[in-house]
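Notes for the one structure printed next.
Here, each number is a calculation from the coordinates, and none is a lab measurement. None of these values were measured; they are calculated from a predicted model. All Cβ positions, glycine included, derive from the backbone under ideal geometry; neighbour counts span all protein chains shown.
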Amino acid sequence: IVACNTASAKALRAIQQNDLQRWQAELAPKGPTLRVLGVLRPTTEIAGNLTRSGHMGLLATRGTVESNSYGIEIERFFPQITLHQQACPLWVPLIEEGKLNGPLTEMAVKECLDQLCQRAPSMDAIILGCTHFPLLTPVIRRCLPPRIEIIEQGPLVAQALKNYLVKHPDIESSLDQGSTCIYYTTDDPLRFDRNASLFLQENIHSLRFLR
């Protein structure tokens, strides 16, 4: 799974069309067919059912917003819904520096939400269109009217993956059981360990640094 909205928006199709064949030959020439899934479609397939007003918001990185990938997918599945998109360029740096609370974070969150709410007064649901953003959910909730539902991707994508595996039992039968997780990072390993532990709520032990 490409567990990044910006990467899913900008690179998923290229990965599926250009890289999978090479990876298959290098990594699993006699093994199961490799597949790469994104996070946008599982989110948009479900999220459109969670608005009553027909107006939804999207909070995402500038790259995701500029790609309009969410707009395209919402139009595909729910053409009657209007999607109002808001780029939040400061949120990821704040999260990666561990600033999940405090005046600076509150100000950055409130500024983006105020802009979005002014443009979309009828909005009753907001998609957190970045895998970092759920860590700011408590702050986002404080800055939003109670009537607006916050939609986190994690449960939607996990359920979509479960459904996919049920439909493709050959994948599960080819997987090793009881394997360990190995995390690769191009960032500072200690920084990655700290941030990943926040996301996963567990300590990261098996970590490899890629230069």
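For the reader, a short list of remarks on this structure follows.
- Basic side chains Lys and Arg get +1 at the Cβ, acidic Asp and Glu get -1 at the Cβ, and with that the dipole of the chain about its Cα centre reaches some 220 debye.
- Virtual paramagnetic centre 7 Å along Cα→Cβ of ARG35, amide N under 14 Å, in the range 162-189: 162-175
- Using a Gaussian network model of the chain in which every pair of alpha carbons under 10 angstrom is joined by a spring, one finds that among GLU26, GLU152, GLU45 the greatest mean-square fluctuation is at GLU26.
- Cα gyration tensor shape of the range 90-211, rounded if a/c is under 1.5, else prolate or oblate by comparing a/b with b/c: oblate
- Of LEU128, LEU40, LEU175, the one that fluctuates the most in a GNM where the chain has Cα springs shorter than 10 Å: LEU175
- Total charge dipole magnitude, the range 1-120, about the Cα centre, Cβ charges on Lys, Arg, Asp, Glu only, Debye to nearest 20: 360 debye
- If the segment from ARG52 to LYS162 were pulled out straight at 0.36 nm per residue, it would be longer than the present Cα-Cα gap by 36.9 nm.
- The chain: C-alpha gyration tensor shape, a/c 1.5 cut-off, then a/b vs b/c: oblate
- Rounded tilt (10° steps) of 189-200 against the dominant C-alpha axis of the chain: 70 degrees
- Selected from PHE78, PHE192, PHE133 as most flexible by GNM, with the chain as the system and alpha-carbon contacts under 10 Å: PHE192
- Residue exposure sequence - LEU37, LEU190 - by fewest surrounding Cβ within 10 Å: LEU190, LEU37
- Mean separation of Cα pairs under 8 Å and 6 or more residues apart, divided by the residue count, gives the chain a relative contact order of 19 percent.
- Listed by chain and number, the lysines whose C-alpha is less than 24 Å from the C-alpha of LYS99, apart from same-chain residues fewer than 8 away, are LYS110.
- Amide H within-cut-off set for ALA125, under 5 Å, with H built and near neighbours excluded: GLY57, GLU149
- Angle in degrees between helix 103-119 and the longest Cα principal axis of the chain, rounded to the nearest 10: 70 degrees
- Every helix of 4 or more DSSP H residues in the chain counts as -39500 (n - 2.57), and over all residues that averages to -14000 deg cm²/dmol at 222 nm.
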